[in-house]
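> After the C-alpha cells below, expect a handful of questions from me.
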Amino acid sequence: MRIDIITVLPEMLESPLGCSILKRAQDKGLAEIHVHNLRDYTLNKHRKVDDYPFGGEAGMVMQIQPVDACISALKAQRDYDQVIFTSPDGQTLDQPMCNSLSLAENLIILCGHYKGVDYRIREHLVTMEISIGDYVLTGGELAAAVIADSVVRLIPGVLGDEQSALSDSFQDGLLAPPVYTRPAEYKGWRVPDILLSGHEANIAKWRHEQALERTRLLRPDLLD
Ligand code: SAH
C-alpha cells in the first residue's frame, strides 16, 4: 500500500510515521508513506497556500491551486483508490472503515489547516471525508497519522503476530477481554485462576464471555 499525505506541516508527521508499526511496515516494504509539503506546489512567490475567506469571516482558508497541483501530480503517476480529506464533519473513523481502507493500493490524505479548505476542493477533488472524533483539532496531521496507523497495521505481515489484530477490540464487534502477565500475584492481586489452568477451550470460553460482558457494560451500542 502507498499513502501520500499532503500537509503544510510535514515535520508534524515525522515522528508518528518514523516509529513503531508504521516504521516497521515501511522497512518491510509493506507500506510506503510519502509526505508532501503543500507549499512546494503553490504558484505564489511567497509560498503562501491560504487566503482570506470570501464573505469576511475570521481565519484563513486553504486555496485550491496548490492542492489541485499536488493531487494532479500524484494522479498523473498512479490511480488512487481514495482521496481522503480529514475533517470534523466527515464520516467517523471506525474499525470497519479501517478494514476496508486496508485493502486499498493507493491513498491520498489531505490535511486541512486554518479554517479548513476552499469548499470546491471537497466538491471536486476529494472522494472521502474522515473525522477521527467529535472534537476539533488544529490541523489534519494528527488525524492523518491516526488513519495511517489504524489502516497499515491491518495489512497482512505488518504485525508480528497476525492473530493479535484479529483479537483486538471492535474486530469481532466486541471489546477485547482483559489481559494479564507475570507475576501471577502482585500485592495479593491475583490473575484469574482460569488463565493459569492451561485448559485452552475453557480459557477461550472465558475470554469470549469477558468480551461480551465488557461490551454489554461499556459499549452496549455495539451489540445492537
Ligand atoms: N472550521 C472547521 C475546523 C477547522 S480545523 C470546522 O469547524 O469544521 C482545521 C483542520 O483540522 C480541518 O480542516 C481538518 O483537516 C482538521 N481536523 C480538525 N478536527 C478534525 C477531526 N475531528 N477529524 C479529522 N480532522 C480534523
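> All but one of (1) more than 12 Å from the ligand (Cβ to nearest atom); (2) under 26 Å from residue 223 (Cβ atoms); (3) open to solvent by 30 Å² or more (accessible area, probe 1.4 Å) hold for residue 184, so report the exception by its number.
(2)
> Further question on the same structure: Residue pairs, Cβ under 9 Å, 6 or more apart or interchain, first in region 133-151 and under 15 Å from residue 9 (Cβ atoms), second part of a helix (DSSP H, G or I) and near the ligand (Cβ under 6 Å from one of its atoms). List them.
If the second residue must be part of a helix (DSSP H, G or I) and near the ligand (Cβ under 6 Å from one of its atoms), the pairs left are 137/143.
> I'd like the full set of residues that are more than 10 Å from the chain's Cα centre (by Cα), within 11 Å of the ligand (Cβ to nearest atom) and of a type in the set (Gly, Ala, Ser), limited to region 132-165.
133, 139, 140
> Here's a follow-up. Loosely packed, with under 15 Cβ neighbours inside 10 Å and within 14 Å of the ligand (Cβ to nearest atom) - does that describe any residue in region 74-81?
No, region 74-81 contains no residue that is loosely packed, with under 15 Cβ neighbours inside 10 Å and within 14 Å of the ligand (Cβ to nearest atom).
> Out of all the residues in region 47-65, which are away from the ligand (no atom under 14 Å from the Cβ) and within 12 Å of residue 8 (Cα to Cα)?
If the condition is that a residue be away from the ligand (no atom under 14 Å from the Cβ) and within 12 Å of residue 8 (Cα to Cα), then 47, 48 are the ones that fit.
> Could you check region 94-118 and list, in sequence order, the residues that are open to solvent by 30 Å² or more (accessible area, probe 1.4 Å), touching a strand residue (DSSP E or B) at 6+ places or on another chain (Cβ under 9 Å) and more than 8 Å from the ligand (Cβ to nearest atom)?
Narrowing region 94-118 to residues open to solvent by 30 Å² or more (accessible area, probe 1.4 Å): 94-96, 99-100, 103, 105, 114-115, 118.
Next cut, touching a strand residue (DSSP E or B) at 6+ places or on another chain (Cβ under 9 Å) only: 105, 114-115, 118.
Once the filter is applied, which keeps residues that are open to solvent by 30 Å² or more (accessible area, probe 1.4 Å), touching a strand residue (DSSP E or B) at 6+ places or on another chain (Cβ under 9 Å) and more than 8 Å from the ligand (Cβ to nearest atom), region 94-118 yields 105, 118.
> What is the one condition in (1) in contact with a helix residue (DSSP H, G or I) (Cβ under 9 Å, 6 or more places away or on another chain); (2) open to solvent by 90 Å² or more (accessible area, probe 1.4 Å); (3) within 16 Å of the ligand (Cβ to nearest atom) that residue 129 does not satisfy?
Only one criterion is unmet by residue 129, namely (2).
The values are calculated or read from the model by the stated rules, or taken from the named source; none is laboratory data. Everything quoted here is computed from the prediction, not taken from an experiment. Here Cβ is always computed from backbone atoms with ideal geometry, including for glycine, and neighbour counts include all displayed protein chains. Accessible surface is based on the protein model in full, side chains and every heavy atom, while ligands, DNA and RNA are left aside. Shrake-Rupley method; radii C 1.70, N 1.55, O 1.52, S 1.80 Å.
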